Amino acid sequence: MHAAQPPRALTDFTAEELRALMAAERQPTYRTNQVFSWVQKQGARTYDEMSNVPKALREALAAKAPVRTTTVAHEEPSADGTTKLLLRLHDGEHVECVLIPEGERATACLSTQVGCGVGCVFCASGAEGVVRNLSAGEIVEQALELNRMAGQRLTNIVVMGMGEPLHNLDALERALRILQDPEGLDFGARRITVSTSGPVKAFEDFLTRGLKVKLAISLHAAFDGLRKELVPRGGTGDIHFLESMSRRWFEKTGRDVTFEYVLLDNINDSDEDMRALAKLAGRHVNVNLIPMNPVPFAPKLKAPPNARIERCVSLLEEEGVVVHCRRQRGDDVAAACGQLRRFHEKLEDGQETAP
Ligand code: SAH
Ligand code: SF4
């Protein structure tokens, strides 16, 4: 992973840090609130938009930090209503995020890394390893841009885009603190879900920090050997560790956990798999079955036929598990995690033609 740090943008500042920056300019508190609100609530991209902030102050701040460091490289609407954004980062890397409108809800799916080091066999984000962590500002800017695009206030955030969030815990924590600030987008604990493959050490750290979020654990297998194959660098093949973490999480926060389980035809979809999964889930864990979205680099992996998917759902229900089965949306714009970035980069390299 190379270590290019982006220039620090205003989007990366918590309200407290912004207060310190403003204090150096001898500014009263209400000015900090004004600027923070311009950045986080109104989603200003430039200082010019901050019409009620004196020009001299805008110039002084501009000399210290840009408002943002990312720009929209590509916007891809899909027939099912989702829109995927590809953001260009200051160093030329790209990262994806998705807006998912559903009735009254508008959910933003955010990335935390360029690429991913975990290497799940079915995932486009992990196919070429991790390039670098995102800064908090780069995570926040995804939410701000999607909020602007949504035409309504975002109601939910899922950290389920590119990257393993717990491998970038400091930036994630800072980004969440900013997004949960009442003077900003003001996200409550029940409206943000962090999804993780469950790296052991980072998981302990995550639990100690007590972030105010909902937790989803990407399990994908109910047996250790199979999990190791599907999630090769998960930092653990030990399913019982994940089960115990979900129990500890519930005891600590009182919030249920979701096990995510990508269904793969003839690999993890047998009756035996489902019964073992039901046992692991127990009482405080919901299960989210996700029929695999096809990826070009793993042509042999696919979702089970519908009848098998239905059988998986009913087997779990028979065992008393609360189960949801969701098709990944946005297939027609390669919206499954990590695919648009790979496609875009191949286009830039001249290796592929547009669809
Ligand atoms: N790294 C984190 C969060 C990002 S991935 C994690 O793994 O939890 C978010 C979810 O998308 C995971 O559950 C992941 O398994 C799923 N996913 C990745 N590629 C997929 C594919 N091709 N089809 C269906 N789900 C996929
Ligand atoms: Fe990384 Fe999650 Fe993709 Fe696995 S599914 S490679 S952990 S982003």
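The table below gives the values:
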{"quantity": "So V118, is it outside any strand (DSSP E or B) and either in contact with a Pro (Cβ under 6 Å, 6 or more places away or on another chain) or within 9 Å of ligand 2 (Cβ to nearest atom) (or both)", "calculated": "yes"}
{"quantity": "Considering residues of the range 203-226 that are under 18 Å from A175 (Cβ atoms) and not in a helix (DSSP H, G or I) only, the residue most open to solvent (accessible area, probe 1.4 Å)", "calculated": "K212"}
{"quantity": "Test: residue in the range 263-276 that is modelled with pLDDT under 95 and either of a type in the set (V, I, T) or open to solvent by 80 Å² or more (accessible area, probe 1.4 Å) (or both)", "calculated": "no"}
{"quantity": "Within the range 71-116, tally of residues that are of a type in the set (S, T, N, Q), in contact (Cβ under 8 Å) with a residue 60 or more places away in the chain and within 13 Å of M149 (Cα to Cα)", "calculated": "2"}
{"quantity": "Total residues in the range 19-48, condition open to solvent by 50 Å² or more (accessible area, probe 1.4 Å) and either touching a residue at least 60 places away in the same chain (Cβ under 8 Å) or within 23 Å of L86 (Cα to Cα) (or both)", "calculated": "5"}
{"quantity": "Any hit, the range 133-154, residues being in contact (Cβ under 8 Å) with a residue 12 or more places away in the chain, assigned to a helix (DSSP H, G or I), within 10 Å of ligand 2 (Cβ to nearest atom) and closer than 27 Å to E17 by Cα", "calculated": "no"}
{"quantity": "Residue within the range 161-184 that is in a helix (DSSP H, G or I), open to solvent by 30 Å² or more (accessible area, probe 1.4 Å) and within 16 Å of ligand 2 (Cβ to nearest atom) present", "calculated": "yes"}
{"quantity": "Flag if L85 is surrounded by 22 or more Cβ atoms within 10 Å (Cβ to Cβ), away from ligand 1 (no atom under 13 Å from the Cβ) and either over 15 Å from the mean Cα position of the chain (by Cα) or closer than 21 Å to N293 by Cβ (or both)", "calculated": "no"}
{"quantity": "Count of residues meeting criterion [over 26 Å from G129 (Cβ atoms) and away from ligand 1 (no atom under 16 Å from the Cβ)] in the range 157-198", "calculated": "15"}
{"quantity": "Matching entry among A335, A298, A354 (being outside any helix (DSSP H, G or I), modelled with pLDDT under 55 and within 15 Å of ligand 2 (Cβ to nearest atom))", "calculated": "A335"}
{"quantity": "The lone exception for S111 - which of (1) modelled with pLDDT under 95; (2) in a loop (DSSP other than H, G, I, E, B); (3) open to solvent by less than 10 Å² (accessible area, probe 1.4 Å); (4) touching a strand residue (DSSP E or B) at 6+ places or on another chain (Cβ under 9 Å) it fails", "calculated": "(1)"}
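Quick grid of which residues meet (1) surrounded by 15 or more Cβ atoms within 10 Å (Cβ to Cβ); (2) among the acidic types (D, E); (3) touching a helix residue (DSSP H, G or I) at 6+ places or on another chain (Cβ under 6 Å):
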residue	(1), (2), (3)
I239	yes, no, yes
T253	yes, no, no
K300	no, no, no
P305	no, no, no
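The values are calculated or read from the model by the stated rules, or taken from the named source; none is laboratory data. The structure displayed is predicted, hence computed values, not measured ones. Note that each Cβ is placed from the backbone with ideal geometry, even for glycine, and that neighbours are counted across all protein chains shown. Note: areas computed on protein heavy atoms with side chains; ligands, DNA, RNA excluded. Shrake-Rupley method; radii C 1.70, N 1.55, O 1.52, S 1.80 Å.
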